[in-house]
Amino acid sequence: MLIFDEVVNQGSFTAAAEALGHTKSAVSQYVSQLEQDLGVKLLTRSTRQLHLTAQGEAMAQRSQQLWRLLTETLEAAHAQQAVPAGRVAITAPLAFEAPLLTPIIADLCREFPQLLPEMHYDDARLDILQHNLDMAISVGPQKDSGYHAIPIGWLDSVLVAAPSYINLSAPITPQSLHDHSLILLPWQRPLVLEGPDALAFTAGREIRLNTSISAINSAINGLGIALVPSIFIQAELAEGKLQRVLPEHRGPSREVFAIHAYQQQLPLVLRLVVDRLKEAFRQKAPGSV
């Protein structure tokens, strides 16, 4: 059941096999055997994607609960010897602070009152050893280094604008995008949007910023169209501060990693941060199961 859970988390048999240290065929055979034992279809497979059936979704939720219960039971058994305390230093991009990391860190501080978190929010990638950090949350391809990278989830970027911009500007179409004001981040220059057809994310008027937070705030204030991760703007979309535009187009998905230099098992507090951050992505990310 835990192997099935890893397949769901990773989104493919290949990635799950790599994470578990098994072969792809062994993982696929296990899931097939599980389906046979249960007498239900859990996954539908295509050449590029896996999709959960209704029974698979129910099994995934129960599997996640069992995995968390097992993890917490094992951790409780060692609680007297491994109670997190003292300094823990983590760096992450600015946009991760409010919707993701601060709630996690606050919960951990309530659970472990002796914990002293030291958070460094910076869109620049800080070197773990050079800045005396325990872990870094990083987005996108990682440089080949001696550090270990734990996959956390994916950022799915969408096009948004404020109602004030939409109401006062010309209609927003793929053909007219170049005539609008675009809010660009460093990783978006150059960029081709994914969708029914290739669409360059460029315009005659470009507002260039260096953080996702500044791009989101600029879009809210009607400066133009921004391409930002949907996980960071759920509240703004729900409140009507931002609206999706050209919903058939989106930016390339970018993977999020937890980077660390530990050679053995991660300290408990860092394992909890990783597990809860994974869970937050599962709950918040569009299309997650």
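Below, the figures for the structure above:
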item	result
Of Ile259, Ile207, Ile90, the one that fluctuates the most in a GNM where the chain has Cα springs shorter than 10 Å	Ile207
Relative contact order (percent, whole number), the range 199-289, Cα cutoff 8 Å, 6+ residue spacing	22 percent
Relative contact order (%) - the range 1-110, alpha-carbon pairs under 8 angstrom, separation at least six	18 percent
Distribution of pairwise C-alpha distances over the chain, 10 Å bins, in %	6, 24, 29, 25, 13, 3, 0
The range 147-190, accessible surface, carbon-and-sulfur percent (1.4 angstrom probe)	63 percent
Dipole in debye (nearest 20) - the chain, about Cα centre, beta carbon charges: Lys, Arg +1; Asp, Glu -1	260 debye
Relative contact order, percent, the chain [alpha-carbon distance under 8 Å, six or more residues apart]	21 percent
Selected from Asp134, Asp179, Asp37 as most flexible by GNM, with the chain as the system and alpha-carbon contacts under 10 Å	Asp37
Ranked packing of 217-225, 195-203, most packed first, by mean Cβ within 10 Å	217-225, 195-203
Farthest positive-ward along the range 186-289 dipole, Cα basis, beta-carbon charges - from Ala226, Ala198, Gln264	Gln264
The chain - share of DSSP beta bridges that are antiparallel (%, nearest 5)	60 percent
For the chain, accessible area per residue (1.4 Å probe, heavy atoms of protein chains only), Å²	53 Å²
Among Ser212, Ser32, Ser138: highest mean-square fluctuation, GNM of the chain, C-alpha pairs under 10 Å	Ser32
Ranked packing of 245-252, 20-27, most packed first, by mean Cβ within 10 Å	245-252, 20-27
Relative packing of 272-284, 151-163, which averages over residues the other C-beta atoms within 10 Å, highest first	151-163, 272-284
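The values are calculated or read from the model by the stated rules, or taken from the named source; none is laboratory data. Just so we're clear, the structure is a prediction, and the values are computed from it rather than from any experiment. Every residue, glycine as well, gets a Cβ built from its backbone with ideal geometry; the counts of neighbours run over all protein chains shown. For the accessible areas, the whole protein counts, side chains as well, though only heavy atoms, and no ligand, DNA or RNA atoms are used. Shrake-Rupley method; radii C 1.70, N 1.55, O 1.52, S 1.80 Å.
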